[in-house]
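Trainee: One structure, as structure tokens, below. Some questions next.
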Amino acid sequence: MPTYQFEAMDATGNEIKDVIDAPTEEEAQATIRQMGYFITKISVKKSRKTEQVKGDGKKKGKTLALGGVNLKTLTTFTRQLSILQDAGLPILRSLRILEGQSKPGALKNSLIDVCDEIEAGSTLSEAMAKSPKAFNRLYVNMIKAGEAGGALEIILQRLAEFQERASSLRRKVKGALVYPVAVVTFATAILALIMIFIVPSFEEIFADFEVKLPWITTMLIEISNFVCDFWFLLPGIPLGIYLLLKLIRKFQAGRTGWDLFLLKMPIFGQLVEKNIVARTTRTLGTLVSSGVPILEALNITKETSQNAIFENLYHKVYEAIREGESIARPLKENARPGYHPMAHFFWCCYPPAIGALLYLTKMNASVMDDMVVNMVDVGEETGELDTMLYKVADTYDEEVAVLTDSLTRLMEPLLIIVLGVIVGFIVIALFMPLIQLIDSLSGAKK
């Protein structure tokens, strides 16, 4: 309960300064008037901080923390807070318990601030909104809906389940990428060492014996000389490409073109698209079921998509709903991105003719399957939109998991074949001159 400090005058005109506890300011004023005082000033008393301010300006208990709170840590906190609320503990006490057992970092710092704000009279959602490093808009709005509906523990359970699903899907995708990335990295390092140290030694041997080199050996030596002269490009080229893409994505046209290219990319495009559909439909379903207004829910869903094409799609759905439309119709009408010059540019990074042809055949493909649109339509007609969105999300989660496993299994033999071809090329290129040298030496002895 917040504490109010007030200044007033009694019946004799003497000035009174005191504090009073009350649920709201109106009730505090009514109580003060019943005491026979005339109020001249009243305000919420800021709680005395239990943490003392140190010389460097930081509160005791808070530590330096870079970045935000990772999803796994936030999921664990949400689940624990849900359990404590279900047990009937006051929210401030629950937060103090979790803050006390949290490790030093961004979450602990945020919980300290949230507790201070609640002690000063703020609601939980208002307090969390002031700590965006830990609690995003989706989190804050769901807490706000839970407070308004008096079902905070249920909302926290839904939040925890949502975060656990998102975390599980992210782990599967990242886990599938670990193997190919590790193989490519180690293979590149080993091949670089061969080119820098081993091939030049063979080149000296061939030069000493004046062996006529076949074209394949000449090609290998030229590659080796290039790697020796420009070895710094091995890490420099990937880094340069990454920085160039970051720069391009700073502009709206560049970001839209790159995101569209990712969605239409062979093989991996399906994985990206299904992952975004699963995430956004689950987000929208969770918000709708929690009582968040549909327009606010669409705005939050748009932010969580992390893709310019889907952001534009949900924005158009938002505008259509403001005009009185349903969700399904604008969702279907705006699901075809159409032609974009920057996407065409990225496609031309393939052999230009092939890339241009592929893009022209894919540019009008919908990013939202008809199944999704039909299920949303049925959900609106039956009043069970959140249930249908959950089913869509579950379906696409399974498809992402199956597609990820399939790609992982496909990439293993492909990587083995590619590495086998490279190693075979090196072995043949080095041994062909050696065979000629042995033959020439044997002929000389005879």
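The values are calculated or read from the model by the stated rules, or taken from the named source; none is laboratory data. Treat the numbers as computed from the prediction; the structure is a model and nothing was measured. Glycine also receives a Cβ, built like all others from the backbone with ideal geometry; neighbour counts cover every protein chain displayed.
Trainee: Just give me the residues in the stretch 84-116 being farther than 21 Å from Asn136 by Cα and free of Cβ contacts under 8 Å to residues at least 12 places away in the same chain, in sequence order.
Mentor: If the condition is that a residue be farther than 21 Å from Asn136 by Cα and free of Cβ contacts under 8 Å to residues at least 12 places away in the same chain, then Ala87, Gly88, Leu89, Pro90, Arg93, Gly100, Gln101 are the ones that fit.
Matching residues to (1) of a type outside the set (Asp, Glu); (2) in the same structural domain as Val272 (by TED's automatic domain parsing):
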{"residue": "Tyr339", "(1), (2)": "yes, yes"}
{"residue": "Met363", "(1), (2)": "yes, yes"}
{"residue": "Thr395", "(1), (2)": "yes, yes"}
{"residue": "Val400", "(1), (2)": "yes, yes"}
{"residue": "Asp405", "(1), (2)": "no, yes"}
{"residue": "Gln436", "(1), (2)": "yes, no"}
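Trainee: Look at Lys246 and say whether it is within 25 Å of Leu358 (Cα to Cα) and touching a helix residue (DSSP H, G or I) at 6+ places or on another chain (Cβ under 9 Å).
Mentor: Taking the combined requirement at face value, the residue does not satisfy it.
Trainee: Taking the conditions exactly as written (free of Cβ contacts under 8 Å to residues at least 60 places away in the same chain and assigned to a helix (DSSP H, G or I)), does Gly146 satisfy them or not? Can you show your working first?
Mentor: Details: free of Cβ contacts under 8 Å to residues at least 60 places away in the same chain: no; assigned to a helix (DSSP H, G or I): yes.
It is false that Gly146 is free of Cβ contacts under 8 Å to residues at least 60 places away in the same chain and assigned to a helix (DSSP H, G or I).
Trainee: Among the residues of the stretch 237-252, are any crowded, with 16+ Cβ neighbours inside 10 Å, within 21 Å of the chain's Cα centre (by Cα) and not basic (Lys, Arg)?
Mentor: There is at least one residue in the stretch 237-252 that is crowded, with 16+ Cβ neighbours inside 10 Å, within 21 Å of the chain's Cα centre (by Cα) and not basic (Lys, Arg).
Trainee: Separate question: Give the residue that is modelled with the highest pLDDT, with candidates limited to residues of the stretch 154-179 that are of a type in the set (A, V, I, L, M) and closer than 17 Å to Ala393 by Cβ.
Mentor: Of the stretch 154-179, the ones of a type in the set (A, V, I, L, M) are 154-156, 159-160, 166, 169, 173, 176-178.
With the extra rule that they be closer than 17 Å to Ala393 by Cβ, the set shrinks to 159-160, 166, 169, 173.
Working: Leu159: 82, Ala160: 85, Ala166: 79, Leu169: 75, Val173: 74.
Only one residue tops the list, namely Ala160.
Trainee: For the stretch 311-353, how many residues meet the condition of being within 17 Å of Leu295 (Cβ to Cβ), assigned to a helix (DSSP H, G or I) and hydrophobic (A, V, I, L, M, F, W, C)? Explain how you work it out, then say what you get.
Mentor: Filtering the stretch 311-353 down to residues within 17 Å of Leu295 (Cβ to Cβ) leaves 311-331, 334.
After this cut, where a residue has to be assigned to a helix (DSSP H, G or I) as well, the list is 311-322, 328-331.
Filter again for hydrophobic (A, V, I, L, M, F, W, C), leaving 313, 317, 320-321, 328, 331.
Here the count works out to 6.
Trainee: If you don't mind, another one. So which residues in the stretch 340-376 are closer than 17 Å to Gly257 by Cα, buried (at least 18 other Cβ atoms within 10 Å of the Cβ) and among the aliphatic types (A, V, I, L, M)?
Mentor: Met342, Ala343, Val367
Trainee: So which of Ala182, Ala192 is surrounded by 11 or more Cβ atoms within 10 Å (Cβ to Cβ), closer than 19 Å to Ile416 by Cα and either modelled with pLDDT under 85 or of a type outside the set (Ser, Thr, Tyr) (or both)?
Mentor: Working: Ala182 fails: surrounded by 11 or more Cβ atoms within 10 Å (Cβ to Cβ).
That would be Ala192, the only listed residue that is surrounded by 11 or more Cβ atoms within 10 Å (Cβ to Cβ), closer than 19 Å to Ile416 by Cα and either modelled with pLDDT under 85 or of a type outside the set (Ser, Thr, Tyr) (or both).
Trainee: Let me ask something else about it. Starting from the stretch 291-319, keep only residues that are among the basic types (Lys, Arg), then list their pairs with residues that are not in a helix (DSSP H, G or I) whose Cβ atoms are within a distance under 8 Å, requiring at least 6 positions of separation or different chains.
Mentor: Once the first residue is among the basic types (Lys, Arg) and sits in the stretch 291-319, its partners that are not in a helix (DSSP H, G or I) give Lys316/Asn334.
Trainee: Can you confirm whether Leu138 is surrounded by 15 or more Cβ atoms within 10 Å (Cβ to Cβ), under 23 Å from Glu303 (Cβ atoms) and in contact with a Leu (Cβ under 8 Å, 6 or more places away or on another chain)? Can you show your working first?
Mentor: Values: surrounded by 15 or more Cβ atoms within 10 Å (Cβ to Cβ): yes; under 23 Å from Glu303 (Cβ atoms): yes; in contact with a Leu (Cβ under 8 Å, 6 or more places away or on another chain): yes.
In short, yes.
Trainee: Find all pairs meeting these conditions: Cβ atoms under 6 angstrom apart; at least six residues apart or on different chains; first residue within the stretch 117-142 and touching a residue at least 40 places away in the same chain (Cβ under 8 Å); second residue surrounded by fewer than 17 Cβ atoms within 10 Å (Cβ to Cβ) and among the basic types (Lys, Arg).
Mentor: Ala120/Lys46
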